[in-house]
1. Taking the Cα centre of each part, how many Å lie between the range 48-80 and the range 199-215?
2. Grab the eigenvalues of the alpha-carbon gyration tensor for the range 124-163, scale each by 5, take roots, and send me the semi-axes largest first in whole angstrom.
3. Can you list, bin by bin at 10 Å, the percent of alpha carbon pairs in the range 99-249, starting at 0?
4. For the range 218-249 and the range 90-121, write down the distance between their C-alpha centroids in whole Å.
5. Bin by bin, in steps of 5 Å, what percent of the Cα pairs in the range 345-384 do you find, going until the bin that has the longest distance?
6. Please compute one quarter of the surface area of the Cα convex hull for the range 221-307 and express it in square nanometres.
7. Per residue, what accessible area does the chain have, given a 1.4 Å probe and all protein chains present, in Å²?
8. Measure nothing but the geometry: give the 0 to 90° angle between the long axis through the Cα atoms of 340-358 and the longest principal axis through the Cα atoms of the chain, rounded to 10°.
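The values are calculated or read from the model by the stated rules, or taken from the named source; none is laboratory data. All of these numbers come straight from a predicted model, not from anything done at the bench. Note that each Cβ is placed from the backbone with ideal geometry, even for glycine, and that neighbours are counted across all protein chains shown. For the accessible areas, the whole protein counts, side chains as well, though only heavy atoms, and no ligand, DNA or RNA atoms are used. Shrake-Rupley method; radii C 1.70, N 1.55, O 1.52, S 1.80 Å.
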Amino acid sequence: MDRGPSRLRIPPAMDVPVTPRVQRLIDTAPLRRLASISQLGLVSMVYPGAMHTRLEHSLGVYAWSLRVLNQVNESTVAEPTNDDLRAAEAFIVASLVHDAGHWPFCHPIEDMGQAGMPRHEERVDAMLRSGPIAKTLAADWDCTADDVMAILCPKKSEQFTEVAPSDQIAFYASCLSGPIDVDKLDYLQRDSLHAGVPYGRNFDPMRIIASMVRHPDRPKLAIHEKGRTAAEMMVFGRYVMFSEVYWHHTVRSATAMLQRAVHELQQPTAGESVDFAEWMDLGEAAWVSRLVEAANQRGGAVQTLVEGLFGANRTLLKRAAEFNVESGEDMHQMLARRPHWWLASCSRPLAASIGEAIDGVVEPELVLIDAPPVKLEVDINIDIMLRSGEVATLGDVSPVASVLANRQFDNHVKRVRVFVPAWVRDRLRGLPDDSMRRWLIDAVAETEKQWV
């Protein structure tokens, strides 16, 4: 299934087999647009090489999906049925289009949970039913839009009626999104490569592929015991990539600044607000241009935030406090998984307390509380097929993985932080260490009183 008449080459020296129908899908406008959207967005402010695109990642996921199909189907004795082939085709299409609904800086904006902003999966659904992707799907592929969406959104599979046998679809859904899947196989290595760090490449992806099996009792992916060590290393690599790259404190400062600018621009001022849903089909350069224009029109703190991100000089807010589950569990629990609008409201009494303590005026829009979003990361505890024929979880057989599997992944890699302008951070240095904790507790109490 992976032998096409031509091949594309993507980093790191990866051949991507392309058949004519795959090329026609890649050439559609929604997938071509992904060439103008960076995979990691604001991460490049800390790791300048991290400028790779979502198209490159999508091609990588597609290439890994072909390897998975070869691995899990090569031991099958029976000839594949039409339904088997249909589900496999849906998996290939899903691997190519899974990010087609993304817009610039999609993940941090989705994490805000703003009303009226469709999630990128909903946009993929629409593309599969109308437009160039839908036409290509109908002309070249023997699967339906429902088949593809049932793989992309398995929790909503009951909404899709024209679906191949559910066991096959459910299995391929776990191959695309699960504790170990083709998406993570690609992005961990690719992000690590372009960021110039080793963390996401310190595992053996081919050993993982060679160890992939169908779960004996459930329609999902499992790993044979021979791949346990490779799976451990991949899980740990993902942990370190979140800790050192995706949730690096400077990356999170830039992310919090973008989120607050988006939030403030959505608030009506003199009857005007920005509808970011109208910008979703833009490439990244055009999107940033629109954001800068809107921020300049709004002025004030919003303009300061956007200029700090996209102006001639990079000027990011500074970390004034940080809490994790080891050193500040009470604060972490108090602020983690709050909606963004609530954190924005909480920053106002916090800014007032800070201003009073340092004897200065601190704009509340420039006091940012960054916390783990409502949505949790995918479970990391994949099932392992033991040589005895029994099934155990990775956490059961691995002392390394058990620590991460049995304690909430997000609570360790995603910290609660407070960011402020540099001059504010400098004045705060002479105050007692527990000052920010006390101010946050008071700010939370005031905010909860306000919104009860």
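1. 12 Å
2. Over the Cα atoms of the range 124-163, the ellipsoid semi-axes are 18, 10, 7 Å.
3. Per 10 Å bin, starting at zero, the Cα-Cα P(r) for the range 99-249 comes out as 10, 30, 34, 24, 2 percent.
4. If you average the Cα positions of each part, the centres end up 23 Å apart.
5. The calculated distribution, bin by bin, is 6, 20, 18, 12, 9, 7, 7, 7, 6, 5, 3, 1.
6. Seen from a random direction, the Cα hull of the range 221-307 projects 8.5 nm² on average.
7. Per-residue accessible area for the chain comes out at 43 Å².
8. Approximately 30 degrees, to the nearest ten.
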